[in-house]
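The structure appears right after this line, and notes come after that.
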Amino acid sequence: MEKAGNLAAVNGVKVSGPFAVNTPVLRERGTTLTVNEVFQHVMNYTHWEPNSALIRNYLEHSSEAVENLLEIGYQFEEANFRFKTPFVDEKGGFHLILTDVDKRARLWTEAYEKYGVDVFFNMAAKEVLKENGKIAGVAGQRKDGSKVTVHAKSVIIASGGYLGNKELLLKYLGTTHVNVATRGKSLCTGDGLAIAQKAGAILDKTFGYCGCEYGGTNPKASRPATQDKYDQNLAFKFGIYGNLLVDNQGKRFMNEGLLCDYPMSYGEEPTLRHSPYYAIVDQEYVDKMRDEGLYEYLTKRGANHDNWFIGSYYKQRGALKSLDSDLEEGIHEGWIVKADTLEELAKKTGFDHLTGTVASYNSYCEKGEDEQFGANPWYLSSVKQGPFYAIECEVSAWSTFGGVKTDDECRALAEDDQVIPGMYVVGTDNGSMMYSPYYDIPGFCYSSCIGSGVIAGHGASAYAKA
Ligand SMILES: Cc1cc2nc3c(=O)[nH]c(=O)nc-3n(C[C@H](O)[C@H](O)[C@H](O)COP(=O)(O)OP(=O)(O)OC[C@H]3O[C@@H](n4cnc5c(N)ncnc54)[C@H](O)[C@@H]3O)c2cc1C
């Protein structure tokens, strides 16, 4: 059952690619990465917080997941991601999908026919049915309201999390200011979590999100921030370029340089905690970004190819040429505030601490040392020459993390860790695989989604046949 009307709307069809180990793609490339290396890194990074046996199991199935995609016609290339990760070059594992999105949807349709899979579009799963305590199927509802029952001995829940449900965002992430990175609304409204809980499952304890690595956005904007290949208001770049950021009291809250260098693993949590947050820049910085761009600006301050991994990406981006009109657009739309003096900016925004924060921050800029959060000195850009700007940014996300507690075979667990036979939970609905903040390995989210899909596919099939 798929709530969307067609495959083009399904998130999994739109991804850039999965991380995976021991695949034919990597063997051809000659990379030497092992499951063990990745597993140890991940467990160390997370301090063994997720279900370790499940992580190991999924990593071991990551190759099979990629092989399945190869079999239906996907093409991949092993590629470095734009920000620094532990696994690059001869230890690389990110599988960039070369097949374009329209073609992917066609490949899936052909695969459904070839393997005899019935997919019901425009149909929302509503409930897992049980008979005599055993899984008996799923009750669904078509868009026109008509009801459908699918009889089955095992069920796999994969409804993609709760990004489209403000109530659950507030409950699990502590804020409703989380936007859908693909713009618009998300069909992923936490149905799988509710359905599993109604059938007796419990939720695991970690909640988080897979943040958009292109920076913050704002729902008031007519051209919200998104992937750099699409048109967007370039003023949002001040929400990720490493310049001063403050919260809604005007207090600084993070090492902004880390957000620029590692937007997902380091940048996600502080920006989520303070969403909406505000970039504070002066006219001198605006002029530099419009005329030079971040790469030229920072390489003059000591950044280079060896010490600034993400720099090569910003080299391609160049200067933010349309910045003047983009700032005007943001002012007009109500998410940028401009003022001639800092005092006026503080008054207009209502940020009581702003002038004090800027005074301290400017002193760090002068000293070349961030005494508060330790940001790399090349990011420290003083805020002195008016006019001044406050740019309101909210986080945006590809998906949420957090959901149903499962064992290492993706089987849903009830209280006291009792397995619910026949009920499997995979992808971002699975609460035992993901970690917050997001992993420092690009493609890990989709990788764990398809890896867990393979595990549950085998398990659900065997259980139904037994
Ligand atoms: C555009 C985009 C690009 C991404 N790129 C990457 C990437 O390159 N690498 C990476 O690691 N991660 C990426 N992600 C994050 C994540 O890996 C994907 O979102 C992934 O597809 C999540 O898989 P999933 O199976 O959990 O959910 P989804 O792929 O979102 O699938 C869940 C499906 O369930 C449907 N649904 C919801 N409720 C119901 C219901 N009640 N009944 C029936 N159907 C329902 C939804 O319509 C949806 O199609 C990306 C996400 C997006 C949106």
Built amide H within the under 5 Å cut-off of Met254, gap 5+: none
Alpha carbon centroid spacing (whole Å) that separates region 98-112 from region 414-466: 24 Å
Distance between region 156-215 and region 227-269 - C-alpha centres, whole angstrom: 23 Å
Net charge over other residues, Cβ less than 12 angstrom from the Cβ of Val426 (K, R count +1; D, E count -1): -1
Where trypsin sites (Lys or Arg not before Pro) fall in DSSP loop in region 282-332, at most 16 other Cβ within 10 Å: Lys300, Arg301, Lys321
Stretchable slack from Ala194 to Tyr313, in nm (0.36 nm times residue separation minus alpha-carbon distance): 38.8 nm
Interchain or long-range residues, amide H under 5 Å from Ser399's placed H: Cys210
Portion, in percent, of the accessible area of region 217-393 that falls on carbon or sulfur, probe 1.4 Å: 46 percent
Gained length - Gln227 relative to His41, 0.36 nm times residue gap less alpha-carbon distance: 64.1 nm
Sparsely packed chymotrypsin sites (Phe, Trp or Tyr not before Pro) within region 13-112, loop by DSSP, other Cβ within 10 Å at most 11: Trp48
Antiparallel content of DSSP bridges confined to the chain, in %, to 5: 85 percent
Charged-residue dipole, Cβ positions (Lys, Arg, Asp, Glu), the chain about Cα centre, Debye nearest 20: 1140 debye
Average accessible area per residue (Å²) across region 12-58 - probe 1.4 Å, nucleic acids and ligands excluded: 45 Å²
Calculated [θ] (222 nm, deg cm²/dmol) that DSSP helices of n ≥ 4 give over the chain, each run adding -39,500 (n - 2.57): -10500 deg cm²/dmol
In degrees, nearest ten, helix 323-333 long axis to first principal axis of the chain (Cα): 70 degrees
Cβ-Cβ FRET estimate between Arg183 and Asp324, R0 fixed at 25 Å, reported to 0.05: 0.55
For Phe76, residues with placed amide H under 5 Å, excluding near neighbours: Leu98
Approximate spin-label separation Tyr115-Ala359, in nm, with each point projected 7 Å along Cα-to-Cβ: 6.5 nm
P(r), alpha carbons of the chain - 20 Å bins starting at zero, rounded %: 24, 52, 22, 2
Filter on Lys84/Lys384; Lys84/Lys220; Lys126/Lys405; Lys84/Lys405; Lys14/Lys315 - keep pairs with C-alpha separation over 28 Å: Lys84/Lys384; Lys84/Lys220; Lys84/Lys405
Summed residue charge, Cβ within 15 Å of Thr217's Cβ, Lys/Arg positive, Asp/Glu negative: -4
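The values are calculated or read from the model by the stated rules, or taken from the named source; none is laboratory data. Given the structure is predicted, the values throughout are model-derived calculations rather than measurements. Glycine gets a Cβ as well: all are built from the backbone with ideal geometry, and neighbour counts include every protein chain shown. For accessibility, only protein heavy atoms count, side chains too; no ligands or nucleic acids. Shrake-Rupley method; radii C 1.70, N 1.55, O 1.52, S 1.80 Å.
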